[in-house]
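Encoded as structure tokens, the structure appears first; notes follow it.
The values are calculated or read from the model by the stated rules, or taken from the named source; none is laboratory data. These figures come from a predicted structure and were not determined experimentally. Methodologically, a virtual Cβ is constructed for each residue, glycine included, from the backbone with ideal geometry; neighbour enumeration extends over all protein chains shown.
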Amino acid sequence: MSWWQFIYFFLAFASAGMSGWLAYFGWRRRRSESGLAFMLFACALTIWSFFYAFEISSNSPATKLTLSKLMYFGIVAVAPSWFIFALYYTGNSHWITRRRLVGIWVIPLLILCLVLTNDWHHLHWRELLYSTDEQLGFLRGDVQYGASFWLHTLYAYVLMLMATALLARVALNAVRHQQRQASLILISVFIPWASNIIYVTRTNPLGGLDITPMAFTVAGALIGWVLVRFRALENIPIARETIIEGLADGILLLDCDHFILDINRAACELCQLEDVLGESIEQALYQYPKLLQLYHQLLKSKQSSDEITLRDGVILNVAVSTIYNYIGDPAGYLLILHDITQRKQAEEKIARHVAELRTLREIDARISESLDITAVLDTALTSAVQMTRATAGFITLIEEEGQRLVQAHGHYKTLPLGELFPKHFGIVGRVIRTGKAEFVQDVTADADYYVDVQDTCSEMVVPLIAHEKIIG
């Protein structure tokens, strides 16, 4: 191995090591999508630089060709992974769907297949000749590129150009601290751009040596420093763990196509959901058609929230808001589910107490206005039926011969007032014997129940007591 060959081998191998560290850096921040994308980008650089180092050090044409093919496992992944990282980093993750991700990787996989099978069709390298460079003292290749090479170059340049445009947009329009981050990353992007253009146009003073992987590694190192310095890949995961997961309210984050990007534990428990990330809201909430309908209604209307009762009796306050990115474009939607069941139950309980107090006041006022026992009993019975939401009721007074019907409401109005009933008959008779009020939820299961009104489900019997004696 010549001295120059060793220097280039060392630089390429050092680039592989640096890229490997960047991949580990991304892996440590894999909780965020941008961290995963950055890890994939760094892994691609590692593969490219690693095999390129050994390709430089080899003096065998067959070995060089094999290593050149292996390099493409990393080469084809650099531009797509960088573009995906730029989308996540600039807040455009709503654009990324499963279908689009598959589309991004179709051409790189096709190029990789063409490279591995180049000996059959020569679509990538039409001609590849190796000769010893007398100045540098090691074997270098003279390549005639084919159609697939230029297709890959064009595709990679388009992706890199779009990623650069996204970063430039942030650098020009974002808030101050994001502008600094995006500007530094934007500057780093031009390093591999320049080196690759020099290599493709064959204006490299070093001949056929490709310094693009080393340039990408330098750019990656600068980007890594920016991400560490500004903690750009850590703020979102930490905020999610400490805030979103800690909320008692259910939170669903959706993209512009209404696919679920994130969901917290409270939302999963409220709606009994599991593994719904990436699904559309229609798929995830198909068991709750009313909730889906309300979600779309709130999006279309100016109303920000409304209430809904689920099938299991849970009452939710549903709020929907649109999320905007750094330049004011819609980036997704936030669906918030607030369980207000206990609050509603407390409100109903208070309302019942207020109604009871109002009823007692009305009875007191009626007694004060008139000493007519019939009017007083009618007011008391009507109020009791209304408070208990019953469909019928009656009042009897106990005499020596039995209990006499003195007031009736609902179905019992068909019974003649003044009619005498046995004193110890049915559930009423049992209450007279024990002196304790009873509420029987299912009268058909009570052995003492006497069918006096058809279709009766439940019955409440309360003794009337005066001077410690049951009078009715």
When the range 97-124 is checked residue by residue, the ones that are touching a residue at least 40 places away in the same chain (Cβ under 8 Å) and not in a helix (DSSP H, G or I) are 97
Residue 380 vs (1) touching a Leu at 6+ places or on another chain (Cβ under 9 Å); (2) under 13 Å from residue 462 (Cβ atoms); (3) part of a helix (DSSP H, G or I): all pass except (1)
Of the residues in the range 409-451, those that are out of contact with any Lys or Arg (no Cβ under 6 Å at 6 or more places or on another chain) and not in a loop (DSSP other than H, G, I, E, B) number 22
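With assigned to a helix (DSSP H, G or I) and either touching a strand residue (DSSP E or B) at 6+ places or on another chain (Cβ under 8 Å) or at pLDDT 85 or above (or both) as the only criterion, which of 406, 385 stands out? So that I can check it myself, show each step before the final result.
Working: 406 fails: assigned to a helix (DSSP H, G or I).
Selected residue: 385, the only one of 406, 385 that is assigned to a helix (DSSP H, G or I) and either touching a strand residue (DSSP E or B) at 6+ places or on another chain (Cβ under 8 Å) or at pLDDT 85 or above (or both).
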Picked from the range 61-81 (must be in contact (Cβ under 8 Å) with a residue 60 or more places away in the chain and farther than 22 Å from residue 107 by Cβ), the residue surrounded by the fewest Cβ atoms within 10 Å (Cβ to Cβ) is 61
